[in-house]
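J.: Below you will find the structure I want to go over with you.
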Amino acid sequence: MSQTKPRKLLIIGGGFAGLECASKLANDERFEITLVDRTNHHLFQPLLYQVATASLAAPDIARSIRQILADAKNVTVLMDEISSIDTAAKHAVGSSGTIYPYDSLLLAAGARTGYFGHDEWAKHSLGLKSLADAQNIRRTVLSNLERAELTTDDAERARLMTIAIVGGGPTGVELAGAFADLVHRSLKSNFRRIDTGKLRIILIEGSELILETFDPDQSAYARKRLEKLGVEIRNNTRVIDVRAGALDFKDGTTLEAAAIIWAAGVAANPLTASLGAPLDRGGRVTPNSDLSVPGHPDIFIAGDLVSMKDSEGKMVPGVAPAAVQMGAHIAKILKAQASGDSKRPPFCYFDKGMMAIIGKNYAVVKTGKMQLQGFIAWLAWLFVHIMFLIGFRNKLSVLLGWAYAYLVNTPEARIIVYPPAVPSPDKSIPPPAA
Ligand SMILES: Cc1cc2nc3c(=O)[nH]c(=O)nc-3n(C[C@H](O)[C@H](O)[C@H](O)COP(=O)(O)OP(=O)(O)OC[C@H]3O[C@@H](n4cnc5c(N)ncnc54)[C@H](O)[C@@H]3O)c2cc1C
């Protein structure tokens, strides 16, 4: 039997999964949707590293959620941070004190930076999950260069001109390549006292290979490209402590670096603990095959909060296309349910492959059996991101502005701005040490 009264759907998180679900149910009068996000914007995280490395300005990769959903008359967008979920009372509570009742809930609050049980390392390092994080990294690196130009102390100059990036996955590799581009190309002629070419970028990886999820020859290619750009790679190097301005390694050595960037791990948003479902080591939930939470047929979970194999037995990765596909799948189930169809098909992930950019003009791409590397892979990267941003920005002119800013490096993106305080929307990540 189909429903008579609109169903109250609460969506926590306007990221890839939450936004897709809301968009697919837009203007369907059978749903009264409230989308709550702690920020006012949807963030295109794959390009965060470009904001961190001063290639793009923050607004280039974010868009107001309210604006995106302006035409969805059945969706109310509210900016609030959900602090708990009461599954028995069927409501969530915001840090504003607001109670959000629901008939169905989609928890899509994404991941945060993970420190392998050493949350104290967060205060001495810079994570990269939010726009505030990206701006912290950019501010720290650019300020360090200014201080290096000022100082007459050689050792201090060397410390200020060292960037340590922990984690040789796509984020670490993309950051290292983009920092190398920044100092060797964009900033080359801007300083008089320091030689920006002497800036050390050190990429630290605990295992044998960087880009471990790619094929070994692509990993080797990425390593060669980064080394050509002047990046030092320390593989098989385990961090055992992160202190103010220094990293200690398992082999007994220490590295002094004024900027320490942590790109080594992710953990699920702590809200998953409110669900009463078993969690994996990263705080993720393994949902039922239809993406509902075990024991709660009206609660769905999606995106980076999920650890699961899909209906074909493939492990679903924590990437944007997976989050989008999950959001769409949940919308489909909710629509069917509203039409009186109780069938809940299992989620099946369509793998579009993965890519990582290694400085401008070079990338690696792996999709199915096809592998690309070099300039052609970079063109593929550019095409995919342009196609995505056409949908995202909605206007070709804005997109062309973005492409121009990226290709020439937006000069404004290099301006250092000190806000009165630097609150990260993720409270687990305090502002960096001065
Ligand atoms: C630096 C970086 C680079 C990446 N590169 C790629 C890439 O190249 N390709 C790719 O496919 N994927 C990439 N990813 C991964 C991809 O961005 C994620 O898999 C995707 O964003 C997950 O979508 P989601 O909807 O689960 O969460 P998110 O997109 O993270 O959205 C979560 C939303 O929830 C909100 N939120 C969090 N907590 C609360 C709360 N308590 N109350 C209210 N709102 C809350 C957040 O503000 C956010 O808007 C990258 C991620 C990072 C960090």
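The values are calculated or read from the model by the stated rules, or taken from the named source; none is laboratory data. Here the structure is a predicted model, which is why all the values come from computation and not from measurement. Every residue, glycine among them, receives a Cβ derived from its backbone with ideal geometry; neighbour counts consider all protein chains shown.
J.: Among the numbered criteria (1) in a strand (DSSP E or B); (2) under 24 Å from the mean Cα position of the chain (by Cα); (3) surrounded by fewer than 19 Cβ atoms within 10 Å (Cβ to Cβ), which one does residue 321 miss?
T.: Looking at each condition in turn, residue 321 falls short on (1).
J.: Mind listing whichever residues of region 88-110 are outside any strand (DSSP E or B) and surrounded by fewer than 18 Cβ atoms within 10 Å (Cβ to Cβ)?
T.: Correct list: 88, 89, 95, 96, 97, 98, 103.
J.: May I pose another question? Considering only residues of region 111-130 that are part of a loop (DSSP other than H, G, I, E, B) and touching a helix residue (DSSP H, G or I) at 6+ places or on another chain (Cβ under 6 Å), which is nearest to the ligand (Cβ to nearest atom)?
T.: The residue in question is 128.
J.: Within region 348-389, how many residues turn out to be among the aromatic types (Phe, Trp, Tyr), within 21 Å of residue 182 (Cβ to Cβ) and surrounded by fewer than 18 Cβ atoms within 10 Å (Cβ to Cβ)?
T.: Final tally of qualifying residues: 1.
J.: How many of the residues in region 1-60 are near the ligand (Cβ under 9 Å from one of its atoms) and without any contact (Cβ under 8 Å) to a residue 12 or more places away in the chain?
T.: Residues meeting the conditions: 0.
J.: So which residues in region 153-173 are closer than 17 Å to residue 127 by Cα, part of a helix (DSSP H, G or I) and aliphatic (A, V, I, L, M), if there are any at all?
T.: 173
J.: Is it true that some residue in region 131-152 is touching a residue at least 24 places away in the same chain (Cβ under 8 Å), part of a loop (DSSP other than H, G, I, E, B) and within 16 Å of the ligand (Cβ to nearest atom)?
T.: Checked region 131-152: no residue is touching a residue at least 24 places away in the same chain (Cβ under 8 Å), part of a loop (DSSP other than H, G, I, E, B) and within 16 Å of the ligand (Cβ to nearest atom).
J.: Taking the condition assigned by TED's automatic domain parsing to the domain that holds residue 106, assigned to a loop (DSSP other than H, G, I, E, B), surrounded by fewer than 22 Cβ atoms within 10 Å (Cβ to Cβ) and touching a helix residue (DSSP H, G or I) at 6+ places or on another chain (Cβ under 6 Å), does residue 313 pass?
T.: In short, no.
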